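Take a look at the structure set out below.
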Amino acid sequence: MVASQTQPLRVALISDSAFAMPTAVTLTSLKANKKQTSRYEIYVIDAGLESEDKRQIFQLSSSDFRIAFKEPTRDITSLHTENLNSKASATSSALYKFLLPEILLSVDRLLYIDSDMVVREDLSWLVDTDFDEKIVMAVAEAAQIYNRERITCEVGNYFNSGFLYMDLKAFREQALAERLVLTKGNMRTGNLVDQDAFNIVLDGKVKYLDIRYNCLSTNLSRVKSRLAISELNSLYSSSYRDLDEIFQNAAIIHFGSKDKPWRFSDVPFWDEWLRYFHTSPFHRHLRSQEETDLVSIIVPVYNISTYLPDCLESLIRQNFQNIEIICVNDGATDRSQAVIDAYKARDPRVVGIQQENQGQSAARNSALKIANGEFIHFMDGDDILSPRAYERLIPVGSELALDIAFFDAESFFDKEFLREEFSSYEDYYERKLPETSCISGIEMLRLMRDCNGFRASVCIQIFRKDFLVQNNIRFFENMVFEDNAFSLQAIVEATSCKYIQERFYFRRIREGSTITSNPGAYECASLISVAVRVFEISSDPSLPTDIRQYCQKLSEGFVERAHSLYNKLDPVEQSNVQFNLPGLEQLFLRIIRHKAERVGAAGTLSSDATRTYQTARLILLQIKQKRQYGSPVTALKTLRALHAGLRGLILETAYAETASFLRRLRNGFRNIYRLLSNRN
């Protein structure tokens, strides 16, 4: 197919802000591999590009590679309902392919390509190629061999819509744009955004090209073991020896699945895509040359590869560019490391460290040790940050020399049933207090207390690093709910705080998270651990009385939650409650012994109840002997062997007594403080 090319090859892509960078990479490869004598006219259909995105893409424009941006003639994106479980990798903006005949009225022949491709060869031969009485040239979809869905059986030869050379004049004459819109609107299903509708409307009107012009490398690699080369050769009327030969000879590598090379480093031909990225306008050294106000963003990572790309994308696209992103792979067993590697290769501001699984607290502490920023922000890897967040927060934090800047979050739900089941989180992360001036942490805590606006999540706060270091504020490890002790310690120590009444953070409510999972023994022990840590904070005699009382109330609240949770655990789970902080083992058993001895000696109960408590007292003495050198495990195993009623009685009274014990401990500290004060 030798082209005389009297006309330029006209090419269209559709892009929104999320696909601006991949669009530029595809265009970079297209330009790099065209012949010097070829002329291309590029039309980028603007489905929601930012002005900066356009500026970056337009840098590729030249006299023989002209780029223009075109607006859609109408909005048809509502025809497709996004489905998180769909296999579709395209967004609703792909529907604008239907409107190309009316968007580009002066164009009669057009090549449409998706924005997730690497183009390896010159394509100008298409200009003078005959349609052979068809109206579109496309490549058959190999999935019809190994995935016989209903739609692939209804049409003659199902094709992939990522590469379409279109006779737009014929499209207009046959009013196919409107037929595509109507077909999509009438489809009950539609896992794929536009492709099924194209196959229905254009059935019998397609001239098929070789697989090399739309090689879906990721999909083919995934099914390599169950896909015979003979089947592929039969479908494409070709004679390839094997799949590797197809890949080697491909003119276009199409990353047409959810495994995009800018998100995962383990997809086939990721390194080739990366080379074009490095020569694209979007590859630049993003680290600001400023020497101040660097923000270190700490992201613990454990088996969240599905969500992590969205999180990291929201961070690298921040309007405020002077950031470092520290991803701590905490022993993930999924593809999380491939995500981290992909983003490290794209952006020098992304730092990755790996450790054995130690929990979120340990991951955060590890990152704190190497963080270089003046400010620290903790992100959860399944959440998203507004692009305006640091642009708004950091100048305020710097100007006012804030120890902590507080802001709000908005919850969003992966699935609708989660919204119903966890409706309390709809507006939980809105603090319900007015924006403040620069005030002390104690004043801020009073405001939050009075408005019920204290939210412990460290993700909706930004901290000055020096403040954390100087006050030795770090996360307690081997526990969950650790944000509570960290945030409370930070706010009572802070001398300068400000609350900014804006929702910069987007909290994902999903299955399998700490919020939605059923708590067990580990969570129960963690609640007691948090209660003790919070009580220790309340014991600081330098704190105002009302703040100490509020902290004590918070501590008692954690005890009550632990009590309630413990009662819901089965005996096996109850026996697995273990404490990992010094002093908690002794505290737990001391409460049990105290309650049993006190009630058993009262003499006011029935004879059965008295005998029960006397039995409990003997058992507790056995536990005491067994615990001389051990942990609470031995004691709890002894309890597990008891009659269910007796075991429940002992542990019920133990938890009920905890709050009272903490109050007595508080009064003891108060009396000691008074004695010392009088002595002075």
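The values are calculated or read from the model by the stated rules, or taken from the named source; none is laboratory data. Computed from a predicted structure; not experimentally measured. Positions of Cβ are generated from backbone atoms using ideal geometry, with glycine treated the same way; all protein chains shown enter the neighbour counts. Surface areas here come from the heavy atoms of the whole protein model, side chains and all, with no ligands, DNA or RNA. Shrake-Rupley method; radii C 1.70, N 1.55, O 1.52, S 1.80 Å.
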Accessible area of region 198-340 with a 1.4 Å probe: how many percent of it is carbon plus sulfur?
46
Using +1 at the C-beta of Lys and Arg and -1 at the C-beta of Asp and Glu, which of Val206, Ser124, Val193 has the Cα lying farthest in the positive direction of the dipole of region 116-240?
Val193
Estimated dipole of region 421-489 in Debye, rounded to 20 [Cβ of Lys and Arg +1, of Asp and Glu -1, Cα centre]
320
Considering only protein heavy atoms and a 1.4 Å probe, what is the carbon-and-sulfur percentage of the accessible area of region 472-573?
46
Per residue, what accessible area does region 493-580 have, given a 1.4 Å probe and all protein chains present, in Å²?
42
Distance violations [Cα-Cα > 20 Å] among Lys31/Lys134; Lys34/Lys54; Lys184/Lys224; Lys432/Lys498; Lys415/Lys568
Lys31/Lys134; Lys34/Lys54; Lys184/Lys224; Lys415/Lys568
Where a ≥ b ≥ c are the square roots of the eigenvalues of the C-alpha gyration tensor, would you call region 298-457 rounded, which needs a/c under 1.5, or, failing that, prolate if a/b is larger than b/c, or oblate?
oblate
If the cut-off is a Cα-Cα distance under 17 Å, which lysines reach Lys344, setting aside same-chain residues fewer than 8 apart in sequence?
Lys260
Counting only protein heavy atoms and a 1.4 Å probe, tell me what percentage of region 1-76's accessible area is made up of carbon and sulfur.
47
Classified through the alpha carbon gyration tensor (a ≥ b ≥ c as square roots of its eigenvalues; rounded if a/c is under 1.5, else prolate when a/b is larger than b/c, else oblate), region 478-542 comes out oblate
Mean accessible surface per residue for region 226-279, computed with a 1.4 Å probe while every protein chain stays in place, in Å²:
46
Total charge of the residues flanking His80 in space, meaning their Cβ is under 11 Å from its Cβ, with Lys and Arg +1 and Asp and Glu -1, is -2
Heads up, region 311-383 by the C-alpha gyration tensor (a ≥ b ≥ c square roots of eigenvalues; a/c under 1.5 rounded, else a/b over b/c prolate, else oblate) looks oblate
Rolling a 1.4 angstrom probe over the protein heavy atoms, how many square angstrom per residue are accessible across region 361-410?
30
